[in-house]
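Here is the structure we will look at, set down as structure tokens.
Only the coordinates and a few stated rules stand behind these numbers; no lab work does. On a predicted model such as this, the values are computed, not experimentally measured, just so you know. For neighbour counting, all protein chains shown are included, and Cβ atoms are generated from backbone atoms with ideal geometry for every residue, glycine included.
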């Protein structure tokens, strides 16, 4: 086995530029998915049955079909159905945000239901509006309890972001493939990209642990 890492050194800056694309995609997808997940979780615990059924149906669709299929449908079907030539990065963010919302909503729903019912009953008995009760009392406690699960979802999203390379987004994996096609060396750029992903996951994991410790101290 003869490795030639020196041959890809000139391409390292090109590969590193993919970090910004990957982080941009991951951050946007995480934020949008989290917001949609909160809305979806509230729909699922709603007493309005049609809304509840809609939330359950949404979750079953996005959890029951492959993510790569969802990406392909949004990227290729939207131009066909609407005439809008959607950019690859935008299609990826939409697909990941919608998919992430389905998983996050289940996590948040579990966190909401885990909050002591007495607090909800006490707030309602004091005349606190439902919206304010959820925003100021229930959701903060639920988020604090499910923070490790949300961190795991963010890590999974960061790693799965490599799937957007299949629709032409020039993320880390796509750039490694481009370097491989130019140098006819695939192992070296792929190993480099793997180390970059691993480093970003370690940083995200460390940040989540620090945040979790601070939240525990605030109890």
Over the chain, what relative contact order in percent results from Cα pairs under 8 Å that are six or more residues apart? 28 percent
Calculated from the structure, P(r) over Cα pairs in 10 Å bins from 0, in percent equals which of [x] 8, 34, 37, 14, 5, 1, 0; [y] 7, 29, 36, 20, 5, 2, 0; [z] 8, 26, 29, 21, 11, 4, 1, 0? [z]
Which of 207, 110, 18 moves the most in a Gaussian network model of the chain with Cα springs under 10 Å? 207
So which residue, out of 117, 159, 52, gets the largest mean-square fluctuation from a GNM of the chain using Cα contacts under 10 Å as springs? 117
Report the Cα centroid-to-centroid distance between the stretch 104-150 and the stretch 18-32 in angstrom, as an integer. 28 Å
Express in nm, to one decimal, how much length is gained between residue 72 and residue 5 on full extension, taking 0.36 nm for each residue of separation and deducting their alpha carbon distance. 20.7 nm
What is the spin-label model distance, in nm, from residue 149 to residue 202 if the labels are put 7 Å beyond Cα along the C-beta direction? 2.9 nm
How many nm is it between the label spots at residue 183 and residue 52, if each spot is 7 Å from the Cα in line with the beta carbon? 5.8 nm
Given axes a ≥ b ≥ c from the Cα gyration tensor, I'd like to know whether the stretch 85-156 is rounded (a/c under 1.5), prolate (a/b larger than b/c) or oblate. prolate
In nm, give the distance between the simple-model label positions of residue 210 and residue 135, each being 7 Å from the Cα along the Cα-to-Cβ direction. 3.0 nm
Choice from 103, 75, 198 showing the highest fluctuation, given a GNM over the chain with Cα pairs closer than 10 Å: 198
